[in-house]
1. What is the spin-label model distance, in nm, from residue 119 to residue 194 if the labels are put 7 Å beyond Cα along the C-beta direction?
2. Students often check this: by mean Cβ neighbours within 10 Å, which of 176-187, 40-51, 88-99 ranks highest, and how do the rest follow?
3. For the pair residue 40/residue 110, report the inter-label distance in nm, with labels modelled 7 Å from Cα in the Cβ direction.
4. Can you tell me the orientation of helix 71-82 relative to the chain, as the angle in degrees between its alpha-carbon axis and the longest Cα principal axis, to the nearest 10?
5. Can you pull the one-decimal nm distance between simple spin-label points at residue 18 and residue 48, each 7 Å off the Cα toward Cβ?
6. Can you give me the angle between helix 98-109 and the longest principal axis of the chain, using Cα atoms only, in degrees from 0 to 90, rounded to the nearest 10?
7. Sort 25-35, 72-82 for me by packing, meaning the mean count of neighbouring Cβ atoms within 10 Å per residue, highest on top.
8. Hey, what number do you get for the chain at 222 nm if only DSSP H runs of n ≥ 4 count, each worth -39500 (n - 2.57), divided across all residues, to the nearest 500?
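Every number here is computed from the coordinates shown, using simple stated rules; none is lab data. If you're wondering where the values come from, they're calculated on a predicted model, not measured in any experiment. Because the Cβ atoms are built from the backbone with ideal geometry, glycine has one as well, and the counts that use them run over all protein chains shown.
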């Protein structure tokens, strides 16, 4: 594929559970420095009732927190694009939550209609349905937290719902006005923001 950069949103624990083959690594790799996901998931879910409603609310909260908690990772993604380090691969473990948020921010910046972004995001559930690698991902990387969850809660984790991404966009709009405002807040100049659109459109 000729990749010039990879934005790996997984934690160190996740990378240890499912190592990326050395032959796929690139000089432009960005590896999330987070040791695990406990720092955010324990805060949200440790005392949550084990019901689908409680976990849906928790996942919505997770999406609203990602703009701050995963700012270094998202900024690294936009920086790679702005610097022209393309093609770039962006991924996490499941490929729908952290990656879904990152892709949504990038598409929103480029002017894609949010209805289209949401439709594409929702398709992740059907695309991953029946994927054993995806279902095993939870036990491989996060068994200590999720092993005893009832099925209804696990289905929340395995799915995508419009409300999750809507919470991300609501937080974005309220705090930064737009993705462009988010990037400006994190030090991107107008020229660097223009460059992102130039190289992708």
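1. A separation of 3.2 nm, rounded to one decimal place.
2. 88-99, 176-187, 40-51
3. 2.2
4. 40
5. 1.9
6. 30
7. Those peptides, ordered most packed to least, come out 72-82, 25-35.
8. -19500 deg cm²/dmol
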